[in-house]
Amino acid sequence: MPDSGASRPAALRFTLPCDLSHVRHASQTVHQFLVEQGCGEEILTACDLALVEACNNAIQYAPESARTRPVSLEVIRTPHQLEVRVTDHTKGFAWPEKIELPAPESESGRGLFLIQSLMDSVLYLRGPGENTLVLRKSLSDERRNNRSQPRMENDGLITGLLEEITSCYESLSAIFRYSTDTGQARDLKKFAHRLLSDLASIVGAEWFVFRHARDQSYIDVLTASESALDMGPIDVRGGNSDEKFLEAQAVISRKTISFDANSATVAGDPIRLKVRARGLVYPVFVNDELLGTLAIGKNGKSGAATQPVFTNSQTNAIGTFAQFLAIQIANARMHEASTANRISARELEIAGTIQRSLLLKELPTLPGFELAAFCRSADQVGGDFYDVLKLGEHTALFVIADVMGKGVLAAMFAAILRAVLRATPELNREPAALLSRVNRLLFDELSEVDMFITAQLAFVDVKARKLIVGSAGHCPLLIADASGVRSLSPEGMPLGILPDTEFVSETVNLPEHCRVLLYTDGATEATNATGERFGQARLMEWLNHTRGPAGELQGNLANRLAEFQFKTGLNDDQTFLIITG
């Protein structure tokens, strides 16, 4: 509060938080105090400018450890002089002996030049933990006319600097305000509308539209100040009817495009279709990736086209806000991708656990025969699985299946199929009848999610050396002996295609020293670096020329497939069962 008294000077002392959003209120408080003290317009303008710049510097350059400490302001008015003291908690700096107006393209130095020019004297006192900037302005007409400090002769420059500082201050305040609220960007559309509405207020714009890139080919409206500006997506690839639109031109050229009411535009341009507008289009790229475009401006007015729509500082503010919004969009996309990846990773982990639980820890034994199994999962867990149900001392049911799909759902259907097969012991010796039963039980659930299962069942009686095979759209079963390799592929559609599918079976004798291979299409569809598939012919050739116990054959085939796709990696699960005897 101001101090009063006939024998002492008038004074105003207060503090403001180390936050840019409080600078304006502090400036207004000092301004009102000076008005009450009878200061004229020139004194008021000079103090407004210098004080805003001094407070901005005191807050912007404060280290994080000092953000909780306030900035102190003291204004003392004597009959002949006005003194303003700004105490900060920055690291301080050496005040230059001579200050000159920096080049227009310079990003710094203007504030010190402005303060030096507006005040009669400036003193910067550095101390441990705090610094004080002392600004003095003479209230004497005679002294004001004979002051030794350089005087600003160009009133237009003062006005321009005031406008620039005000714009920068308001822009920074808004950016800081939005940055501190970490939760407000969850609804990106609302966030963008509030942010750009603040920008429009700062730069005096009457309309805006921000289009975000759906991909690198199209931009579509994220938010607009009026519905008339939402005219659907724009193709920004070039070589099409949209490439003459202002927003497409800005993207293709990667340059800001200014336009006024007299600028030539093509028919249908969304910006000019509903509003006879003037303004600019700012293309937004982050790390060379198109994020969108910001078009902002004013409605057409008589004679307005002869003046720039926005000053340099306002244009800079537009760019700052556009880039800030682009960063929020990029962060939102990264967050969505990260969340999706975490969910996907967790789903794959669950699916992998289910899939591993389906695999037998130990294969059963059959007199006179050897068994081996292999299952290699691709990066994305699929629905491959195998099973061997020991039915008697000399009999077993071999199962191999592939659920079409990935992730948890495929793994769950594989688990359900395994459970249904094991729960139907009365049909384990009749593969065709068992497949029909399973198809009826699973059809509704499979068709509801547009999934199906290929499966192959093989009943083996080693004492009778007999093999009965049933197939539901699965890969052929291969049998090799001294005479060569033959395939068994009984007719039957995959499970889940039709509710009343009839399956058939084939019965064959198992020759002496035979080799039987059941497999999924991950083996035959393995590809090499040239895109060539391993194929069934190569698989049959391998089986025809390879001899040995089942365990050796399993390792040999696994290595052969791995070598074939050495440079391409696994694109599908690979599962197979081998029987030798």
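The values are calculated or read from the model by the stated rules, or taken from the named source; none is laboratory data. Bear in mind the structure is a predicted one, so any value in this text is a computation, not a measurement. Here the Cβ positions follow ideal geometry from the backbone for every residue, glycine too, while neighbour counts run over all protein chains shown.
For the reader, a short list of remarks on this structure follows.
- Whichever residue in the stretch 199-227 is part of a helix (DSSP H, G or I) and modelled with pLDDT under 85 and, among such residues, is surrounded by the most Cβ atoms within 10 Å (Cβ to Cβ): Val203
- Selection status of Pro494, under 45 Å from the mean Cα position of the chain (by Cα) and more than 17 Å from Leu478 (Cβ to Cβ): yes
- Within the stretch 514-529, considering residues that are in a strand (DSSP E or B) and of a type in the set (Val, Ile, Thr), the one modelled with the lowest pLDDT: Thr527
- Scanning the stretch 416-472 for residues that are under 44 Å from the mean Cα position of the chain (by Cα), part of a strand (DSSP E or B) and among the β-branched types (Val, Ile, Thr) yields Ile453, Thr454.
- Scope the stretch 36-75; condition assigned to a helix (DSSP H, G or I), over 16 Å from Arg24 (Cβ atoms) and not charged (D, E, K, R); matching residues: Ile43, Ala46, Ser65, Ala66
- Checking the stretch 307-318 against the condition returns a match, with at least one residue being aromatic (Phe, Trp, Tyr), modelled with pLDDT of 75 or more and either outside the structural domain of Arg214 (by TED's automatic domain parsing) or not in a helix (DSSP H, G or I) (or both).
- Residue ID - surrounded by the most Cβ atoms within 10 Å (Cβ to Cβ), chosen from residues in the stretch 488-506 that are closer than 15 Å to Arg429 by Cβ and not charged (D, E, K, R): Phe503
- Failed item, numbered, when Gln574 is tested on (1) modelled with pLDDT of 90 or more; (2) touching a helix residue (DSSP H, G or I) at 6+ places or on another chain (Cβ under 8 Å); (3) under 28 Å from Thr365 (Cα atoms): (1)
- Cβ pairs under 6 Å, 6+ apart, first in the stretch 228-251 and under 17 Å from Leu290 (Cβ atoms), second in a helix (DSSP H, G or I): Ile234/Glu247; Ile234/Ala248; Val236/Ala248; Val236/Val251; Gly238/Ile252; Asp242/Ala248; Leu246/Ile271
- Filtered by the rule that a residue be assigned to a strand (DSSP E or B) and either outside the structural domain of Phe398 (by TED's automatic domain parsing) or over 21 Å from Leu543 (Cβ atoms) (or both), the stretch 473-506 gives Gly473, Leu495, Ser505.
- Residue in the stretch 530-542 that is assigned by TED's automatic domain parsing to the domain that holds Val403, crowded, with 16+ Cβ neighbours inside 10 Å, within 43 Å of the chain's Cα centre (by Cα) and outside any strand (DSSP E or B) present: yes
- Of all residue pairs spaced 6 or more apart or on separate chains, those with beta-carbon atoms under 7 Å, a first member in the stretch 434-463 that is without any contact (Cβ under 8 Å) to a residue 40 or more places away in the chain and a second member that is in a loop (DSSP other than H, G, I, E, B) are Leu434/Thr424; Leu434/Asn428; Arg437/Thr424.
- Here Thr68 fits the description: in contact (Cβ under 8 Å) with a residue 24 or more places away in the chain and exposed (fewer than 14 other Cβ atoms within 10 Å of the Cβ).
- Filter result (in contact with a Phe, Trp or Tyr (Cβ under 7 Å, 6 or more places away or on another chain) and under 16 Å from Leu135 (Cβ atoms)) within the stretch 67-98: Leu73, Val75, Trp95
- Any hit, the stretch 512-529, residues being farther than 27 Å from Glu370 by Cα, in contact with a strand residue (DSSP E or B) (Cβ under 9 Å, 6 or more places away or on another chain) and either among the aromatic types (Phe, Trp, Tyr) or exposed (fewer than 15 other Cβ atoms within 10 Å of the Cβ) (or both): no
- Scanning the stretch 108-162 for residues that are of a type in the set (D, E, K, R) and either more than 18 Å from Ala50 (Cα to Cα) or at pLDDT 50 or above (or both) returns Arg110, Asp120, Arg126, Glu130, Arg136, Lys137, Asp141, Glu142, Arg143.
This table checks each residue for (1) surrounded by fewer than 22 Cβ atoms within 10 Å (Cβ to Cβ); (2) not hydrophobic (A, V, I, L, M, F, W, C).
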| residue | (1), (2) |
| --- | --- |
| Val388 | yes, no |
| Thr395 | yes, yes |
| Phe413 | no, no |
| Leu417 | no, no |
| Pro425 | yes, yes |
